[in-house]
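Reviewing the structure listed below.
The values are calculated or read from the model by the stated rules, or taken from the named source; none is laboratory data. Here the structure is a predicted model, which means the values were calculated and not measured. Cβ placement follows ideal geometry from the backbone for every residue including glycine, while neighbour counts extend to all protein chains displayed.
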Amino acid sequence: MAKRSRRRSRNGDAEAEVLAPPVWPGVEGGAFRPLSDSDEIEVNEAVLMLLETLGLSQATPSMIKMVCAAGGAYTDEKRLLFPRDLVEKTIREARRDLVLYGQDPVNNLDISGKRVHMSSGGGAPGVFDLEDGHYRDGTLQDLYDAARICDAMENIHHFSRSIVARDIENVADMDLNTAYACLMGTSKHVSVSVSEPENLAQLADLCYTLAGSEDTFRAKPFLTVMVCHVVPPMRFAEEALDTLEAAVLAGFPVQLISAGQAGATSPATIAGSLTQAVAETLAGLVFARLVDPNVAAIFGPKPLVADLRTGSMCAGSGEQAILMAGAAQMGRFYDLPTTSIAGITDSKALDAQFGSEKNLAVSSAAHAGSNLITQACGMQASLLGVSHAAYVVDNDMLGNILRSVRGIEVNAENIGAEVIAEVCKGEGHYLGHRHTFSRMKTDYFYPHLGDRRTPREWEAGGSKPIGDVARDKTRELLATHFPTHISDEKDRELREKFNIYLTRDQISRSG
């Protein structure tokens with residue numbers, strides 16, 4: 001556990017003497033272990049057996065050639081087999097020293113070890129309108145607004161594309177403008193997906209132009225490509241494999257994601273769903289490292305849970321929470337940079353269900369030591385909708401969760417036996433004591449919106465539920481927070497080169 005006066009700097013440099021806030025990006029988790037040591041070994045053995053004897057179907061010619069050259073086999077049943085030695089070598093030699101770079105270095109994230117970071121995510125088709133509270137199709141403006149809200153939230157460390165811009169029909173234009181809206185809206189690290197492999201080259205060109213050169217971007221890439229490289233159970237997605245290969249060759253970090261649904265595309269049991277997802281994800285890691293041994297790859301087993309009575313997603317369930325904790329724990333077992341999915345409440349509004357489901361899932365993944373928890377904020381309606389106001393509410397929740405992950409730092413200074421004796425012999429209370437004052441800002445997280453007033457004070461203040469308070473704050477942010485990390489000159493260069501949909505008025509304070 002980190003000492004109060006020491007923490008790792010946000011740019012990933014060595015630890016330095018600083019006065020730490022109550023929470024910070026990279027608080028170390030891993031204390032929650034729903035799997036025993038023997039469970040981890042048994043899951044791993046099943047994973048290696050499945051990859052070696054069953055393998056995956058629908059591999060691309062490029063993948064078949066690379067894996068077979070490395071010792072794999074392609075069967076008459078057209079399944080690609082991954083020998084144990086190859087998988088274990090991949091795990092052993094995979095990079096652990098990953099930093100997700102921000103366009104502003106203050107937002108760099110060290111995702112090695114057990115460091116925990118919170119992220120948006122989702123790719124929802126809909127938005128819950130801030131003004132009328134009804135569901136509607138998401139737009140590019142909505143995505144840009146989501147990015148700049150998250151840019152202002154200190155406990156949302158990373159921005160993963162959360163809204164599908166339904167107002168752009170051309171798929172190539174949508175991929176390009178999705179990246180542009182995210183990168184313009186926040187200087188934090190951004191993750192996006194790519195609809196078709198042919199669109200990857202234009203995305204790379206956008207990033208190289210923004211960075212100033214291809215070499216500059218490759219040295220400190222500020223955008224990750226998320227790839228769902230499998231169509232469970234145990235089948236590859238051919239176009240996604242082409243996208244993955246192109247992304248690796250272009251110098252992008254990649255998230256390798258398996259997202260089967262328990263009882264539908266993965267086993268109904270938690271252990272079975274977990275095992276399949278880990279196997280599918282490791283198969284992607286083998287391929288990514290064969291394309292480039294130095295690839296910045298993030299291990300992303302993200303299995304989901306279905307309500308077996310109806311077949312619909314139940315992402316806010318206890319089963320989903322424990323499944324994600326197990327997936328994070330397997331990431332720690334392999335010591336791989338790991339991303340998990342959590343916070344996908346099934347609720348449609350900012351209500352009790354919303355808070356309880358999100359807190360359970362995100363807390364479980366965080367305490368299990370997931371390095372990057374996506375969908376941790378903003379999402380509602382089982383991934384079908386995003387609420388801009390929810391980002392503001394969730395920022396408080398994430399701060400509290402990170403504080404609980406930070407845990408209890410036990411040492412002589414923190415126990416304060418001398419302080420206890422001094423107080424007991426003197427004033428008889430700790431109010432006003434120098435020890436109390438010295439710890440107010442370093443040991444305690446104070447929510448921005450969470451209401452701690454008395455009932456009478458709350459009523460005198462208008463009796464506003466937290467959703468109304470959040471909407472007011474969101475309106476204020478959208479009217480005032482326009483990030484300026486990309487200069488007007490650079491933006492004009494991008495507009496001359498690419499088909500940018502957002503107007504200058506939409507991204508400026510004068511708009």
Kindly indicate whether any position in the stretch 130-137 is more than 29 Å from residue 487 (Cβ to Cβ), touching a strand residue (DSSP E or B) at 6+ places or on another chain (Cβ under 7 Å) and among the aromatic types (Phe, Trp, Tyr). yes
For the subset of the stretch 463-481 comprising residues that are modelled with pLDDT under 95 and assigned to a loop (DSSP other than H, G, I, E, B), which member is nearest to the chain's Cα centre (by Cα)? 465
Can you name the residue in the stretch 53-70 that is in a loop (DSSP other than H, G, I, E, B) and of a type in the set (A, V, I, L, M) and is also surrounded by the most Cβ atoms within 10 Å (Cβ to Cβ) among such residues? 59
Filter the stretch 339-358 down to the residues that are of a type outside the set (Phe, Trp, Tyr), touching a Lys or Arg at 6+ places or on another chain (Cβ under 9 Å) and free of Cβ contacts under 8 Å to residues at least 60 places away in the same chain and list them by number. 340, 342, 343, 345, 347
For helices (runs of 4 or more DSSP H) lying entirely in the stretch 309-418, having 1 or more residues that are touching a Cys at 6+ places or on another chain (Cβ under 8 Å) and of a type in the set (Phe, Trp, Tyr) picks out 388-406
Does residue 146 fit the bill of being small (Gly, Ala, Ser), surrounded by fewer than 24 Cβ atoms within 10 Å (Cβ to Cβ) and either part of a helix (DSSP H, G or I) or modelled with pLDDT of 95 or more (or both)? no
Consider residue 107 carefully, then state whether it is closer than 19 Å to residue 485 by Cβ, under 18 Å from the mean Cα position of the chain (by Cα), crowded, with 18+ Cβ neighbours inside 10 Å and not aromatic (Phe, Trp, Tyr). yes
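One line per residue, one yes/no per condition, for (1) modelled with pLDDT of 95 or more; (2) out of contact with any Lys or Arg (no Cβ under 8 Å at 6 or more places or on another chain); (3) buried (at least 23 other Cβ atoms within 10 Å of the Cβ); (4) not β-branched (Val, Ile, Thr):
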position	(1), (2), (3), (4)
227	yes, yes, yes, no
233	yes, yes, no, yes
239	yes, yes, no, yes
242	yes, yes, no, yes
247	yes, yes, yes, yes
250	yes, yes, no, yes
253	yes, yes, yes, yes
256	yes, yes, yes, yes
263	no, yes, no, yes
Residue 73 - would you say it is exposed (fewer than 15 other Cβ atoms within 10 Å of the Cβ), touching a strand residue (DSSP E or B) at 6+ places or on another chain (Cβ under 8 Å), at pLDDT 95 or above and aliphatic (A, V, I, L, M)? yes
From the options 187, 162, residue that is polar (S, T, N, Q), touching a His at 6+ places or on another chain (Cβ under 6 Å) and at pLDDT 95 or above: 187
Name the pairs whose Cβ atoms lie under 7 Å apart, with the first residue in the stretch 436-450 and closer than 18 Å to residue 407 by Cα and modelled with pLDDT of 90 or more, the second β-branched (Val, Ile, Thr) and part of a loop (DSSP other than H, G, I, E, B), and 6 or more positions between them or separate chains? 445/23
